[in-house]
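Read the structure below first, then the notes.
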Amino acid sequence: MTDAQRMSEAERHAQGMKTRREVLGDAHVDRAEAGKDEFTADFQDMITRYAWGEIWSRPGLDRKTRSCITLTAMVAGGHLEELAMHVRAALRNGLTREEIKEVLLQSAIYCGVPAANSAFAVAQRVLTEQE
């Protein structure tokens, strides 16, 4: 990557905020921004610049694929609160209820049935809320 292709920190943050809002929704991002303080501000800045401005903004994978990967990672790590947020994001990124189910079924084999069982409960709650 050449210097001309590299984003400045401010540009990466702006791109990250744009992508973050598109994927997670304004309400979620507004809550996160309103809740940040001196202790959490650096973390919010880091995830905006790197997770959203760098990784989620890359052209190599579409957002549906990134959502599938992220759902699986949340199941594998047992991150159920984050899973709920990313089920909502997956819907926003165009995954259907059936595709989310397939991701969780696939995760059951590679991440474990107990993890997938918990994930199905979280996803079912979120999907019901969204209907």
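Note on LYS18: lysines with a C-alpha under 20 Å away, same-chain residues under 8 apart excluded, are LYS36, LYS64. From most to least packed by mean Cβ count within 10 Å, the peptides 43-56, 102-115, 78-91 give 78-91, 43-56, 102-115.
The alpha-carbon positions of the range 8-58 define a convex hull whose volume is 60 Å³ per residue.
When the chain is treated as a Gaussian network with alpha carbon springs shorter than 10 Å, the biggest mean-square fluctuation among ALA14, ALA27, ALA76 belongs to ALA27. The magnitude of the dipole of the chain, with charges of +1 and -1 set on the Cβ of Lys/Arg and Asp/Glu and taken from the Cα centre, is near 380 debye. Once the mean of 1/r is taken over each pair of separate Cα atoms and inverted, the chain shows a Kirkwood hydrodynamic radius of 15.6 Å. The angle between the Cα long axis of helix 80-92 and the longest principal axis of the Cα atoms of the chain comes to about 80 degrees, rounded to the nearest 10.
Coordinate-derived values only; no laboratory data. Values in this document were obtained by computation on a predicted structure and should not be read as measured data. Glycine also receives a Cβ, built like all others from the backbone with ideal geometry; neighbour counts cover every protein chain displayed.
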